[in-house]
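Chemist: Right, I'll just put the structure down here and ask away after.
The values are calculated or read from the model by the stated rules, or taken from the named source; none is laboratory data. Keep in mind it's a predicted model, so treat the numbers as computed, not measured. Because the Cβ atoms are built from the backbone with ideal geometry, glycine has one as well, and the counts that use them run over all protein chains shown.
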Amino acid sequence: MSKVNEIELVKKEAKEIVVDSNIVTPMSMLQSAREQGASIEQMQQLMDMQFKWEANEARKAYFAAVSSFKSVPLKITKDKDNKQYGSRYTSIGNLVNTTNAELSKFALSAQWNIDQSNGITVTCILSHSLGHSEQVSMTAPPDKSGSKNPIQEIKSTITYLKVATYEAVVGVASSDDPSDTDGNKEPVYISSKQIADIESLMVEVSADKNNFLKYLKIDKLENMPLSKFNQAIKALEDKRK
């Protein structure tokens, strides 16, 4: 069997539960008990068994689907620049739009619940069409960085927690390669002002330029990816201590 056919077979098995007609299930026992005039108590016990059986089958289907989903070579890129910290990050739109289309092929879907009764708590729930689900919750205060108004502070935290919980429960991560954008764009390098800031700090802490470039694995400051700017500043500040 080819790899493609094998994956398609796993997808099918993850989406539906197939029960051999010869296997005795709580449902078949329930039907037999009804025909034999079982008591209400006996019927209730068999119904409880059926619910537990269905829940277990749904749980097995969920984990089979998740396992199959993880065989898909997803490429989630960091598509936005964080000018405040000089780094790149993955927007929630890019993360969700890239992942959801693949999740649905395995009868999986994700959604969030938000609770603000004690801080801001975001819960991401990954569910299978048969009913089983797993979830991850994270809590944080409003994001007061920058000059945000109160609503923006809340929205910023919610967005961050949505991304973090989604990545955690789905089991995906963005690429850390600064040149790995959409396969066509050029890498994003630090600006001339950032170069000047680094050069000034290097003089202050008497840093050896050649060793510093080797540490960052670049040949010159002009070729420093934006994602390494914070790392460079921290390394120089640590030398000051």
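Chemist: Has the stretch 163-171 got at least one residue that is of a type in the set (S, T, N, Q), in a helix (DSSP H, G or I) and either touching a residue at least 40 places away in the same chain (Cβ under 8 Å) or surrounded by fewer than 19 Cβ atoms within 10 Å (Cβ to Cβ) (or both)?
Modeler: Among the residues of the stretch 163-171, at least one is of a type in the set (S, T, N, Q), in a helix (DSSP H, G or I) and either touching a residue at least 40 places away in the same chain (Cβ under 8 Å) or surrounded by fewer than 19 Cβ atoms within 10 Å (Cβ to Cβ) (or both), which makes the answer yes.
Chemist: Return the only residue of 101, 38, 110 being modelled with pLDDT of 85 or more, surrounded by fewer than 18 Cβ atoms within 10 Å (Cβ to Cβ) and either of a type in the set (Phe, Trp, Tyr) or out of contact with any Lys or Arg (no Cβ under 8 Å at 6 or more places or on another chain) (or both).
Modeler: After ruling out the rest, the residue left standing is 101.
Chemist: Going by the conditions given, is residue 63 surrounded by fewer than 16 Cβ atoms within 10 Å (Cβ to Cβ) and not assigned by TED's automatic domain parsing to the domain that holds residue 225?
Modeler: yes
Chemist: Exactly one of (1) surrounded by 19 or more Cβ atoms within 10 Å (Cβ to Cβ); (2) farther than 29 Å from residue 51 by Cα; (3) modelled with pLDDT of 90 or more is unmet by residue 132. Its number?
Modeler: (2)
Chemist: On to the next question. So which of 145, 156 is among the hydroxyl-bearing types (Ser, Thr, Tyr) and in contact (Cβ under 8 Å) with a residue 40 or more places away in the chain?
Modeler: Within the list 145, 156, the selection yields 145.
Chemist: Identify, by number, the condition in (1) at pLDDT below 75; (2) closer than 25 Å to residue 164 by Cα that residue 4 doesn't meet.
Modeler: Of (1) at pLDDT below 75; (2) closer than 25 Å to residue 164 by Cα, only one is false for residue 4: (2).
Chemist: Being at pLDDT 70 or above and either loosely packed, with under 12 Cβ neighbours inside 10 Å or among the small types (Gly, Ala, Ser) (or both) narrows it down to one of 44, 50, so name that one.
Modeler: Just one listed residue meets the conditions, 44.
Chemist: Taking residue 107 as the residue in question, decide whether it is assigned by TED's automatic domain parsing to the domain that holds residue 162 and either touching a Leu at 6+ places or on another chain (Cβ under 8 Å) or of a type in the set (D, E, K, R) (or both).
Modeler: yes
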